[in-house]
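Inspection log for the structure reproduced underneath, given as structure tokens.
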């Protein structure tokens, strides 16, 4: 018999360390809502800037994230994950603050943004694998989907607030203050997470311990031995390339050219967050028997939203489509994270998560760097049409793999509260 939603929430929130993690994610995700709008429209407003300029700046952040992701996974499996996460957030706040100050003082340039982006991408590569595995150190296995859902709900609330706030700040007083505020949220989140550093066990490292290369090989064995993981990661290599291009380059350029600028785009992204909130709330109650199959199938709503972007400029219609897209994205993400945390040995989870992120994002820098030229040459509408076709082909390819369709949940099929 399942636990009613209110009891499930109470059991998770009763844990002090979970509340600290939630507070950190609430804070940093408010900043994460500010950042995309502030940086994108800040770059596009630079003298002589085009979509190509935005592609270059975003590429500078994405490339080191992908390049150092595997190293980040090895480090996260060797050292306290909360220490890595908190330390990365605190240092990252200094780089983000640098960007904000440069915008405020009028000293910002494409070169400075690229340099800061390179360092920021490296820190994110350390942060990501550690954060993916941190829940396994602070809750029991049967609470993993619940904590993923609760963190998702809380994070999406503040992301939505951050997105709307970002649109207002950027439209009213420019990108600089929004980026400074983003830096502050990273610093606060880092201080909160670093307090969880006593959780988990630091792996002993001595002369007989595996080398970094051996750790990478062991992580590869865990990753490559599961066809469902490999298939989804390959599919998402294409999907993430398309998504990152749309959210960072094509979308902002389309909004500036056709939708009215940062405010309408922030409303659309905020609507997407509403869908994400609904999704993670649903995952507190719904435990699909075949979670990956269901999660991928629901992604059709992301493609439908892209179709809407390509065919209408009506903001309410695009907001409605964004709700469906947001639902699909976070519904899959909670199920995917829970599947990894359930089926992958805990001692290897950060490395497998790093291979997951590395493989999923490996094409994203390429997609970002070519998105600007494609938009300049063909226009945002044509690019959206082509991306939508590629997206649906990737979904079909993943669903053709038997292990993707058949992977079981650790929970009974579709539990319902009585």
Seminar exercise, completed: Exposure-ranked with fewest Cβ neighbours within 10 Å first, 105, 381, 165 stand as 105, 381, 165
Seminar exercise, completed: At q = 0.09 Å⁻¹, the log10 of I(q)/I(0) for the stretch 195-332 from a Debye sum over equal Cα scatterers comes to -0.43
Problem set entry | Neighbour-count order for 346, 16, fewest beta carbons within 10 angstrom listed first | 16, 346
Exercise. So for the pair residue 385, residue 257, with labels modelled 7 Å out along Cα→Cβ, what separation do we get in nm?
Worked result: 1.3
Seminar exercise, completed: Honestly the chain on the Cα gyration tensor test (a ≥ b ≥ c root eigenvalues; a/c under 1.5 rounded, otherwise a/b vs b/c for prolate or oblate) is just rounded
For this session: For each of 95, 392, count neighbouring Cβ atoms within 10 Å of the residue's Cβ, then give the residues from fewest to most.
Result: 392, 95
Exercise. What 222 nm value per residue comes from the helices of the chain, counting each DSSP H run with n ≥ 4 as -39,500 (n - 2.57) and dividing by all residues, nearest 500 deg cm²/dmol?
Worked result: -26000 deg cm²/dmol
For this session: Would you calculate the separation in nanometres between label points at residue 16 and residue 52, each defined as 7 Å from the Cα along the Cα-to-beta-carbon direction?
Result: 5.7
Exercise. What nm distance separates the two modelled labels at residue 393 and residue 343, each placed 7 Å from Cα along Cα→Cβ?
Worked result: 2.6
Seminar exercise, completed: So the FRET efficiency between residue 400 and residue 317, C-beta based with R0 = 45 Å and rounded to 0.05, is 0.90
Seminar exercise, completed: Checked the stretch 248-318 against the a/c 1.5 cut and the a/b vs b/c comparison, axes a ≥ b ≥ c from its Cα gyration tensor; verdict prolate
Exercise. What Kirkwood hydrodynamic radius, in Å, does the stretch 314-362 give when the mean of 1/r is taken over all pairs of distinct Cα atoms and then inverted?
Worked result: 12.7
Problem set entry | Rg(Cα)/(2.2 N^0.38 Å) for the stretch 290-417, N = residue count | 1.23
Exercise. Which part of the stretch 352-371 falls in the paramagnetic zone of residue 224, meaning amide N under 19 Å from the point 7 Å along Cα-to-beta-carbon?
Worked result: 352-363
For this session: Rounded to the nearest 0.05, what FRET efficiency do residue 366 and residue 172 give with R0 = 41 Å and r taken as the Cβ-Cβ distance? Could you check?
Result: 0.70
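Since every read-out is calculated from the coordinates, none of them should be taken as a lab result. It should be emphasised that the depicted structure is a prediction, and the values quoted were computed from it without experimental measurement. For neighbour counting, all protein chains shown are included, and Cβ atoms are generated from backbone atoms with ideal geometry for every residue, glycine included.
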